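The values are calculated or read from the model by the stated rules, or taken from the named source; none is laboratory data. What you are looking at is a predicted structure, and each value in this text was computed from that prediction instead of being measured. With ideal geometry, Cβ positions are generated from the backbone for all residues, glycine too; neighbour counts draw on all protein chains shown.
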Amino acid sequence: MGIISWIILIVVVVVILWVIAAFNGLVTLKNRAKEALSDIDVQTKRRYDLIPNLVETVKGYAAHEKELFEKVTQARATAISAQGLSNKAEAENALSGTLKSLFAVAENYPDLKASTNFLSLQNELTDTEDKIQAARRFYNTNVRDLNIKIESFPANLIANSFGFKEMEMFQTASEAEKQPVAVKF
């Protein structure tokens, strides 16, 4: 009778330790994903802070491009106020599109392209865009790991018991961008 009690006690202790380890693993993955999302927010804020300076610099050389400046400003405001991951990704896409238009306009002004202030802002924005992409990849990696753990047996038993939910991946491509390009001759 004593040996059976010890075996049952050992099995119970092993199961409890496994539950604790699985729970802590899920908590760790969830917090890493939250941290990665925060990294995206930090980098996008840096981008939002650079945009007004960039617009003002371009305005000095291309004052008649008022409509474009308004689009960039509106896209920035929309991106700042976007709520939810999918809305934020959509707003970020729109902002990137308007910034591309702004840089395309800048190509028409040789004096602007030679301006050290503009070049510095352009380099900072490019660096920030690279950091945003890295932060998004880091976030998606962490979300992937969390979602795999939540879906995998037997960890899914713990995840469901303690209310862990899958997180949404950060996707920047719109449905139109995902479609294959039609080539016509």
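Miscellaneous remarks
- Counting the residues of segment 54-79 that are closer than 22 Å to E92 by Cβ and assigned to a loop (DSSP other than H, G, I, E, B) gives 0.
- The criterion of being touching a Gly at 6+ places or on another chain (Cβ under 8 Å) and closer than 14 Å to T98 by Cβ holds for A75.
- Residue list for segment 50-60, restricted to those being surrounded by fewer than 19 Cβ atoms within 10 Å (Cβ to Cβ) and in contact with a Lys or Arg (Cβ under 9 Å, 6 or more places away or on another chain): P52, K59
- Here Q83 meets each of (1) in a helix (DSSP H, G or I); (2) closer than 30 Å to A33 by Cβ with one exception, condition (1).
- Restricting attention to segment 5-32, the residues that are surrounded by 13 or more Cβ atoms within 10 Å (Cβ to Cβ) and either in contact with a Pro (Cβ under 7 Å, 6 or more places away or on another chain) or among the small types (G, A, S) (or both) total 2.
- Residue check, R47 in contact (Cβ under 8 Å) with a residue 12 or more places away in the chain, surrounded by 15 or more Cβ atoms within 10 Å (Cβ to Cβ) and in contact with an Asp or Glu (Cβ under 9 Å, 6 or more places away or on another chain): yes
- Single residue of T116, T73, T78, T126 found to be over 30 Å from F164 (Cα atoms), among the β-branched types (V, I, T) and at pLDDT below 85: T116
- V11 under 27 Å from Y139 (Cβ atoms) and in a helix (DSSP H, G or I): no
- Answer residue from segment 153-185, given it is modelled with pLDDT of 55 or more and loosely packed, with under 11 Cβ neighbours inside 10 Å and is nearest to the chain's Cα centre (by Cα) among those: A173
- Cβ-Cβ contacts under 8 Å between residues 6 or more apart (or on different chains), taken from a first residue in segment 104-117 that is surrounded by 11 or more Cβ atoms within 10 Å (Cβ to Cβ) to a second residue that is of a type in the set (D, E), are listed as V105/E65; K113/E107.
- Some residue of segment 33-41 being surrounded by fewer than 16 Cβ atoms within 10 Å (Cβ to Cβ), hydroxyl-bearing (S, T, Y) and free of Cβ contacts under 8 Å to residues at least 12 places away in the same chain: yes
For every residue, the table says whether it meets (1) crowded, with 18+ Cβ neighbours inside 10 Å; (2) of a type in the set (A, V, I, L, M); (3) closer than 16 Å to L125 by Cβ.
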| site | (1), (2), (3) |
| --- | --- |
| E65 | yes, no, no |
| E70 | no, no, no |
| S81 | no, no, no |
| A91 | yes, yes, no |
